[in-house]
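Right, one structure below, let's go through it.
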Amino acid sequence: MKFIFPQNYNFNSKLLGFIDYSTVILNIIWGLTVFGFVYFFIPDITFKVGIFIILFLPFALLSIIGFNHEKILYILIYLYKYISSQKVYLYCKKNQF
C-alpha cells in the first residue's frame, strides 16, 4: 500500500502522536529542575508533592494542550521576545474645540 502525501503537508514526528519531542525534552528538564529543588530544600513529603504539582502541572498541561498546536518552546521564545522588547505607546487625544 502506498501513501501519497502532498508537498505542502507538514509531517512532524511526535511522541504518542500528539506531543513534540522538543516539548517532551523541555518537560523533562523542567520536571527534573523542580524535583531537584523540592527534594533538596523542602523537608516534609506532603509539602514536597504539593509544591511539585503546583509548579510542574500547569506547564505540563499547557505543553500537552498547547496553543493551536504550537510548540511550547516557540511560545516561550515569543514570550521572551515580547518581554525583552516591549514597547508601550500611549496616545493622548486632545479635544480642541
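Placing pseudo-labels 7 Å out from each Cα toward the beta carbon at residue 47 and residue 13 gives an inter-label distance of 4.4 nm.
Ordered from highest to lowest accessible area with the whole protein assembly present and a 1.4 Å probe, 44, 20 read as 44, 20.
The values are calculated or read from the model by the stated rules, or taken from the named source; none is laboratory data. Note that the structure is a prediction, hence the values are computed from the model and not measured. Here Cβ is always computed from backbone atoms with ideal geometry, including for glycine, and neighbour counts include all displayed protein chains. Protein only, heavy atoms only, side chains kept; ligands, DNA and RNA dropped before computing areas. Shrake-Rupley method; radii C 1.70, N 1.55, O 1.52, S 1.80 Å.
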